[in-house]
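Structure first, commentary second.
Throughout, read-outs are computed from the coordinates displayed, never taken from laboratory work. As the structure is a prediction and not an experimental result, all values here were calculated from the model. For neighbour counting, all protein chains shown are included, and Cβ atoms are generated from backbone atoms with ideal geometry for every residue, glycine included.
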Amino acid sequence: MPKYYKEGKTKKKPREVRVGKKTLKPESMMMSYGYDPTLSEGALKCPIFQTSTFSFKSAEDGKAFFEIALGLREKGPTEELGLIYSRLNNPDLEILEDRLCLWDGADAASVFQSGMAAIATALLAYLRPGDVIVFSEPLYGGTEYLINHYLPEFGIGLVGFPAGVPLAQLADSVRDRAAGKRVPVVLIETPANPTNSIVDIEGVATLARSLGAGDPRPVVMVDNTFLGPVFQHPLKHGADLVLYSATKFIGGHSDVVAGACVGHADVVERVRTLRTFIGTAAGPWTGWLLLRSLETLKMRMTAQMKNARYVADFLADHPLVKHVNYLGLMSEDDPMFPVYRKQCVGPGSLISFEIEGGEEAAFRFLNALQLVTLAVSLGGTESLAEHPTSMTHSDVEPEDQERMGITPGLIRMSVGVEHFEDLIADVEQALEAVRSGGGAGKARAEAQPARAKATR
């Protein structure tokens with residue numbers, strides 16, 4: 001192999017790196033973990049390996065690599081999969097996957113071309129006709145559409161349960177509805193999109209062991225996009241696979257679309273194998289962009305979280321705001337408060353809030369924003385706001401929206417890294433526009449499509 005990268009993937013690296021007696025934290029290891037500059041002409045940063053294929057030293061090597069990649073035989077005790085083709089593996093992706101494992105304490109990771117590619121590949125790797133999938137509600141709109149509209153076409157049954165409710169109140173109902181069926185997957189999103197409702201990961205993992213007629217127990221998958229990978233670590237609470245829209249906080253600059261899954265080695269390997277054959281892997285340029293972003297991940301997410309608390313406090317005191325869904329404002333008498341304290345390191349930077357006046361008032365607010373951008377997505381350095389009912393979750397049936405707490409007056413805001421006083425000033429003047437009946441940008445709003453499908 002060329003000297004830019006070690007022959008094949010390096011042997012599994014220790015997850016702990018020490019300087020003297022001090023074990024380094026993930027944010028420190030993001031700068032160099034898994035990469036050796038001497039193998040890339042001394043380049044400080046990993047180059048972009050913009051190649052579709054890789055040359056083999058010998059035909060014997062090529063044969064051995066394919067045998068492992070296609071599962072034709074087990075790897076030897078010291079054998080590793082060599083570089084073959086960028087749909088299977090690529091240095092940028094392999095280094096990125098090694099670093100993603102650090103945040104969640106995972107054994108393995110796989111990177112995809114989008115968050116939906118990660119979610120769809122993970123589900124299809126385990127679900128078969130006649131199975132049942134158990135899932136929390138609400139979910140991201142794209143995931144909700146995939147589960148409710150496509151999976152039933154393949155004979156897959158659905159058992160949903162509400163986020164934000166203690167699992168003890170739901171477990172019997174879930175077991176009854178799944179009784180006698182094979183349940184290979186339990187999928188939860190916590191905090192839920194867009195309501196910020198919490199799901200008890202540890203409780204779900206316990207429940208999963210009692211579900212269905214299949215053996216082994218269901219794989220517990222957690223969409224950790226809202227808080228991860230810094231403020232929530234689902235594997236520590238019993239999850240088997242953690243899913244990300246890496247477009248969001250991991251990418252963090254609204255300039256790349258990607259997804260990822262991390263988890264136990266055997267679970268990830270099954271997903272990775274399907275990724276190879278349906279072609280959902282990310283490319284080297286995407287991998288390189290995410291490597292760049294990981295270096296500032298904790299700083300960005302911490303700054304955004306601090307800003308969000310200021311904005312949430314302001315909203316909570318405003319007379320036009322009916323209620324604010326922000327984890328940092330959860331009261332101790334909330335039945336889900338113990339779960340929040342147990343599984344969340346911090347409250348993150350996503351806020352949803354309902355204002356008086358329904359959709360008309362919500363649109364007036366959104367159209368009046370000047371610093372905060374009216375756009376879907378989240379987790380970027382800039383603050384964004386959107387209207388879930390008519391945008392990200394517009395494909396959810398109206399009665400289901402109401403049941404899930406996705407109301408016409410609900411606004412979701414992803415808080416960025418701007419100065420918090422400027423953000424509050426913008427939110428304040430937009431709320432004043434609601435009060436006065438004004439609001440700039442009305443023509444822009446009327447020109448926008450009524451439905452924006454499958455955007456987070």
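General observations
- Take the Kirkwood radius over Cα pairs of segment 234-318, plug it into Stokes-Einstein at 37 °C and 0.692 mPa s, and you get 217 µm²/s for translational diffusion.
- Tail beyond 11 Å, pair distance distribution of segment 278-321 (Cα, percent): 73 percent
- Hull volume per residue, based on the alpha-carbon atoms of the chain and their convex hull, is 157 Å³.
- In the chain, the calculated helix contribution to ellipticity at 222 nm averages -10000 deg cm²/dmol per residue, counting -39,500 (n - 2.57) for every DSSP H run with n ≥ 4.
- Remark: segment 347-364, residue by residue, has Karplus-estimated 3J(HN,Hα) of x, x, 10, 9, 10, 10, 8, 9, 10, 5, x, x, 4, 4, 5, 4, 5, 4 Hz, where x stands for each Gly or Pro and the curve is 6.51 cos²θ - 1.76 cosθ + 1.60 at θ = phi - 60°.
- Summarised in one figure, the compactness ratio Rg/Rh of segment 91-294, Cα atoms and Kirkwood Rh, is 0.95.
- Separation of alpha-carbon centers, segment 42-112 and segment 280-324, rounded to whole Å: 31 Å
- Here the scattering of segment 297-447 is modelled by Debye summation over its C-alpha atoms, one equal scatterer each and no solvent; at q = 0.12, 0.15 Å⁻¹ the log10 of I(q)/I(0) is -0.49, -0.78.
- Both radii are taken from the alpha-carbon atoms of segment 138-202; with Rh as the Kirkwood radius, Rg/Rh is 0.96.
- For THR225, nonlocal amide neighbours, meaning residues 5 or more places apart or on other chains whose placed amide H falls under 5 Å from its own, are SER245.
- The phi-based Karplus calculation (6.51 cos²θ - 1.76 cosθ + 1.60; θ = phi - 60°) puts the 3J(HN,Hα) values of segment 251-264 at x, x, 10, 6, 10, 8, 10, 6, x, 7, 9, 9, x, 5 Hz, whole numbers, x for Gly and Pro.
- In this structure the amide hydrogen of PHE135, modeled in the peptide plane, comes within under 5 Å of the amide hydrogens of VAL159, GLY160, PHE161, LEU187, none closer than 5 places in sequence on its chain.
- Where Rh is the Kirkwood radius over Cα pairs, Rg/Rh for segment 20-79: 1.11
- LEU124-THR302 pseudo-label distance in nm [points 7 Å out on the Cα-to-Cβ vector]: 4.0 nm
- When segment 91-294 is described by a simple charge dipole with +1 on each Lys and Arg Cβ and -1 on each Asp and Glu Cβ, the residue from VAL183, ALA120, CYS261 located farthest towards its positive end is VAL183.
- Amide H partners (placed H, <5 Å) of GLY416, local residues excluded: SER383, LEU384
- Charging the Cβ of each Asp and Glu at -1 and of each Lys and Arg at +1, and nothing else, the dipole of segment 238-288 about its Cα centre rounds to 80 debye.
- Taking 7 Å steps out from each Cα toward its Cβ at THR53 and THR38 produces label points 3.2 nm apart.
- The simple spin-label model puts a point 7 Å past each Cα toward its Cβ; for VAL165 and GLU356 those points are separated by 3.1 nm.
- Computed from backbone phi with θ = phi - 60° and the Karplus coefficients 6.51, -1.76 and 1.60, the 3J(HN,Hα) list for segment 97-103 is 5, 4, 6, 4, 4, 5, 5 Hz; x is used for glycine and proline.
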